[in-house]
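These notes concern the structure reproduced below.
The values are calculated or read from the model by the stated rules, or taken from the named source; none is laboratory data. Just so it is clear, the model here is predicted, and its values are computed rather than measured. So basically every Cβ, Gly included, is an ideal-geometry build from the backbone, and we count neighbours across all protein chains shown. Note: accessible area is taken over every heavy atom of the protein model, side chains too, but ligands, DNA and RNA are not part of it. Shrake-Rupley method; radii C 1.70, N 1.55, O 1.52, S 1.80 Å.
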Amino acid sequence: MERKEARLRWIVCILLIYSLALAVPATSGYAADAYPSRPVRLIIPWPPGGSNDLVGRQIAAKLSERLGKQVVVDNRGGAGGVIGTEAAAKAEPDGYTLMIAAAHHTVYAPLNDKLPFDPLKSFTPVARLGSGPNVLVVHPGVPANSVKELIALAKAKPGQLIFVSSGVGGSLHMGAELFKITADIDYKIVQFKGGGPAMTDLLGGHSQGFICSLIAAQPHIKSGKLKALGTGGRKRSAILPDVPTIAEAGLPGYETINWWGILAPAGTPAPVVARLDGEIKAILAEDEVKKRFLKDGVEVDYLGPAEFGKFLERETANWTRVVKKAHITLEK
Amino acid sequence: MKRELRSNKDFWAGMMLIAIGLGAMIIAREYRFGSTLRMGPGFFPVILGAILVLFGLAVVAVGLRSGEKIQGHLSLRALILLPVSLALFGALMELAGFVPALAALVFVSAAAGREFKFVEVLLLMVLLTVASIALFIWGLGLPYPLIKGI
Amino acid sequence: MELFQNLIFGFGVAFSLQNLLYCLIGCLVGTLIGVLPGIGPMATIAMLLPLTYNVPPVAAMIMLAGIYYGAMYGGSTTSILVNLPGETASVITCIDGYQMARQGRAGVALAIAAFGSFFAGTVCTLIVALFGPPLANMALNFGSPEYFSLMMMGLVTAAVLAQGDMLKSLAMVVVGLLLGIVGSDVDSGIKRFCFGFYELADGIGFVIIAVGVFAVGEIISNLSDPEERVVFTSKVGSLYPSREDIRQATPPILRGTALGAFLGILPGTTPSIATFASYMIEKKVARDPARFGRGAIEGVAGPEAANNADAQCKFIPMLTLGIPASGTMALMLGALMIHGITPGPGVMNQKPDLFWGLIASMWIGNLMLVILNLPLIGMWVSLLKVPYRMLFPAIMVFSAIGIYSTNNASFDVYIAGMFGVLGIAWRLLGCSPVPMLLGFVLGPMMEENLRRALQVSEGDPSVFITRPISLAFIVVSLLILAVMTLPAVKKRRGEITG
């Protein structure tokens, strides 16, 4: 008898909790008259750590100061960014969900035909924050001291040089494929789970070359454990001013950089985007921010919403061409 | 010779292994097998699945010979309610926020126990919720809304 | 005695009030997050990294390092007390540590875990100081063939050491290998066994499986037992190990330290491999292997020492070569670079205060953790006096939050629930989940390195025996196999003659 009563009580109680749980989100639909009236969520589609996360956290801290409301970092790692990006694409376009995007964003579409979002159409560009060149490094044992010599070496031994890569379909992998196509050479690309193990393999001399982020290679270039043959930007990098760009060293038109920007779900009101863009522009003008970014290998490289949108379209078209030409398929 | 298969421990263990192995092989047929020179993504799963099926057959054979019975008890209530409480937690974290998710988790999982004292569970729920908020939200700064929309 | 001078210099740096304070903060935060599953040192360090901008680099590194090994200490606490692995590397501690707790020996288990960790930490601090650079260069010789042969040796050892139902143990290793395949294939990028869920593309998290099988599975099992109402014996017994305990635990601690130090130097291994290896070795050399899984103190002492030794030695490739051996180390590397320090062979000369200060503070941190933890043992153990009906919802809460917070993903929580059910099924069917976990850890590395090695060698399998280090591992594996079959042969002969 008593037991029955107890059971009834907890059923009632659980029902109560549910109704509460369901009722609460229903009341949250009110419009924001003065943006922002509550905390803003910044999705970082990668796990904590790494340059994407660092850039995101720094910009979140600065935006919180300027917007007067907390900008909360929400790490949604997984599937090379797809999970977090999907969460951002499907969020309410009210300006309270933003996302950090990086170079990988323009490689999703050419490689995956079944994405749960459209990298261009599902988003409204807010601003590009910065960029950082990649760098072509080789093991010191490789008898090539310039991009031209490396190309000649690869032509002499087709398919025998081994390049490491940090993951299929990543922007660094694309950089290595593009190098192949542009120079019309052939080498093996061996995949690793992330840049760390790939770098270790190269340092041990088990492989010959790597196109990777400048910041990751920098200590090894300085200590002489790797040779830097060229950087991937249009201009020489401030971090390695003595190293030529790959384009000027013998491969005109070649470019491989990483970049970071902020996207909002498509349909985010224009005034909100304008407000955010304005604040970001001001933040990026601060010397302190520039310095901190540079320490993480990021050079401030601002683009406003319209230019950033065009940049995204151009990059996507570019990588689509590379993927087709290099016959890269993620099987099934 | 007819043995009771329904509670034969090794028979079912072997069946489980065979099921996993066969399942893996069937799904992995869609992946390129490759060759020993250049293994495709299907190579490992197919081989492992086959090995597992063999192991499973051997375990079944052992089971048929020894006829050892499954021992121990299983509380269906715990088996169902505990995973359900986790599922509720996950769903409510997305829909309603940290506090409702925790409340549901504590309530439903406590209901899986042998005794359920209403007042005690209520106190436990409040205590654990407050402690978790202090520890995770304030202490470690995890970015979860306490109740969504507020 | 240059080393002495250097160490004294290092202690001078580390003993400044400020650095001691940061060390203490790091250790406290580390212990806290170590106790909680899911939230690991990596996420915490990432969250705290921006705070260290305004702190001098030495102090910042000391604090971050404190978090790192504090987590290693803390991770064992919940493993022992409630079978909830707080940290990836403390899964193995669950097996015998939790059984000890059920027998009223939680205090002893905690104390031995702390002692073992401290000893390993001390030894490895010295190793880092003495042999850092040459060891790091040796580790660079490990390419894909070497790693594959090493993993092979691990699997062979596992097969040999499988006790009780050998057939089922081996089968469970294969189940683990298959579970390890779930996720994106490194070579082709295709998503295997993902059933269309992008959430599975990075594979199933080790902590998710471990918490599901151990913590949730254990609770279901405890609640299922109709007779046994008391999960833990009410008498708590002595909190500190007896002389007999210490005698039994010493050799495993020594072996675990050596093993952990060796595996720790290799950038391609994870601490969980060191703990598995240590556990298997202890089980093999024990006079009465049947005690394992029923509260053998060696099963706590060895892996705990191995875990800490591994964690400590992971600093060698990071500090001397600038190679991050794990995600956490990558963050530390990042922290160094934020402060304008380029890790590598030069760091010792360019920034001696940082290098030696950090090394000295590692030892101070380890000492602090023992001092912090020993008095806490009484408190932790008294936690077990809480009635189980109130304890288990609390375990569920910590499991759920811990898992959710890893990726902020509900999906992971659902998967953990599923593994709770699987765990109980395996238990009823007499299939041990431990070999499964081993397969799960080794599998992906084995496949990856095998395929990579063959891709590089153009499909020529002789790479595994023409390269000396790889050959050595294969020879050792064969020896282990031979040693295993010998006793069996002997026994049969004994039967014939007897």
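Can you sort B:Glu4, C:Glu447 by solvent-accessible area, 1.4 Å probe, largest first?
Working: B:Glu4 110, C:Glu447 10 Å².
Highest to lowest solvent-accessible surface, that is B:Glu4, C:Glu447.
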Original post:
Hey, what number do you get for chain A at 222 nm if only DSSP H runs of n ≥ 4 count, each worth -39500 (n - 2.57), divided across all residues, to the nearest 500?
Top reply: -13500 deg cm²/dmol
Original post:
Using alpha carbon coordinates only, what is the Rg to Rh ratio of the range A:133-231, with Rh defined as the Kirkwood radius?
Top reply: 0.91
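Calculate how many DSSP beta bridges within the range A:133-231 are antiparallel, expressed in % of all such bridges and rounded to the nearest 5.
Values: 9 of 15 bridges.
In the range A:133-231, approximately 60 percent of DSSP beta bridges are antiparallel ones.
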Original post:
Once you wrap a convex hull around the alpha carbon atoms of the protein assembly as shown, what is its projected area averaged over all directions, in nm²?
Top reply: 41.8 nm²
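Can you tell me, using C-alpha contacts under 8 Å and at least 6 residues apart, the relative contact order of chain A as a whole percent?
Working: 576 pairs, mean separation 81.4, N = 332.
After rounding, I find 25 percent.
Here are some pairs, A:Lys157/A:Lys193; C:Lys283/C:Lys314; C:Lys191/C:Lys284; A:Lys193/A:Lys324; A:Lys227/C:Lys191; C:Lys284/C:Lys314; which of them have Cα atoms lying more than 32 Å apart in this structure?
Violating the 32 Å Cα-Cα cut-off are C:Lys191/C:Lys284; A:Lys227/C:Lys191.
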Original post:
Which value in deg cm²/dmol, rounded to the nearest 500, describes the helix-derived mean residue ellipticity at 222 nm for chain C, given -39,500 (n - 2.57) per DSSP H run of n ≥ 4 and division by the residue count?
Top reply: -24000 deg cm²/dmol
**OP:** Output the relative contact order of chain C, whole-number percent, from Cα pairs under 8 angstrom with separation of 6+ residues.
**Re:** 28 percent
**OP:** Find out how many positive minus negative residues lie around C:Thr466, taking Lys and Arg as positive, Asp and Glu as negative, among other residues whose Cβ is under 14 Å from that of C:Thr466.
**Re:** -2
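With a sphere of radius 9 Å drawn around the Cβ of C:Val58, what net charge do the other residues whose Cβ falls strictly inside it have (Lys, Arg +1; Asp, Glu -1)? Could you put the intermediate results ahead of the total?
Values: positive: C:Lys351; negative: C:Asp353.
After counting each charged neighbour, the total is 0.
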Subject >> Shape parameters for the range B:9-66, alpha-carbon atoms, Rg then Dmax in Å >> reply: 13.3, 43
Original post:
Can you give the convex hull volume of the alpha carbon atoms of chain A per residue, in Å³?
Top reply: 177 Å³
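Counting only helical runs of four or more DSSP H residues, what would the 222 nm mean residue ellipticity of chain B come to if each run contributes -39,500 (n - 2.57) and the total is spread over all its residues?
On the way: 5 runs with 93 residues, N = 150.
Value at 222 nm, helices only, nearest 500: -21000 deg cm²/dmol.
Quick one: of A:Lys155/A:Lys310; B:Lys69/C:Lys385; A:Lys188/A:Lys325; B:Lys69/B:Lys117, which pairs are farther than 27 Å apart, Cα to Cα?
Details: A:Lys155/A:Lys310 36 Å; B:Lys69/C:Lys385 35 Å; A:Lys188/A:Lys325 16 Å; B:Lys69/B:Lys117 36 Å.
Too far apart for the 27 Å limit: A:Lys155/A:Lys310; B:Lys69/C:Lys385; B:Lys69/B:Lys117.
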**OP:** Compute the relative contact order of the range B:9-150 as a whole-number percentage, counting only Cα pairs closer than 8 Å that sit 6 or more residues apart in sequence.
**Re:** 21 percent
**OP:** Using only the Cα atoms of the range A:290-332, each taken as one equal point scatterer with no solvent, compute I(q) by the Debye sum, divide by I(0), and report log10 of the ratio at q = 0.15, 0.23 Å⁻¹.
**Re:** -0.63, -0.80
**OP:** Would you rank C:Asp202, A:Asp113, C:Asp353, A:Asp277 by solvent-accessible area, highest first, keeping every protein chain in place and using a 1.4 Å probe?
**Re:** A:Asp113, C:Asp202, C:Asp353, A:Asp277
**OP:** Alpha carbons only, please: Rg and Dmax for chain C, in angstrom.
**Re:** 22.3, 77
**OP:** Any chance you could list P(r) for the range B:76-139, counting all Cα-Cα pairs in 5 angstrom bins from zero, rounded to whole %?
**Re:** 4, 20, 24, 25, 18, 7, 2, 0
Subject >> chymotrypsin sites (Phe, Trp or Tyr not before Pro) restricted to DSSP loop in the range A:278-324 with at most 16 other C-beta within 10 Å >> reply: none
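Is the shape of chain B rounded, prolate or oblate, going by the alpha carbon gyration tensor and its root eigenvalues a ≥ b ≥ c, with a/c under 1.5 for rounded and a/b larger than b/c for prolate?
Numbers: a/c = 4.18, a/b = 1.60, b/c = 2.61.
Cα axes put chain B in the oblate bin.
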**OP:** At a Cα cut-off below 19 Å, give the aspartates and glutamates reachable from A:Lys290, other chains included and same-chain residues fewer than 8 away excluded.
**Re:** A:Asp53, A:Glu65, A:Asp277, A:Glu279, A:Glu299, A:Asp301
Subject >> the protein assembly as shown, accessible surface, carbon-and-sulfur percent (1.4 angstrom probe) >> reply: 64 percent
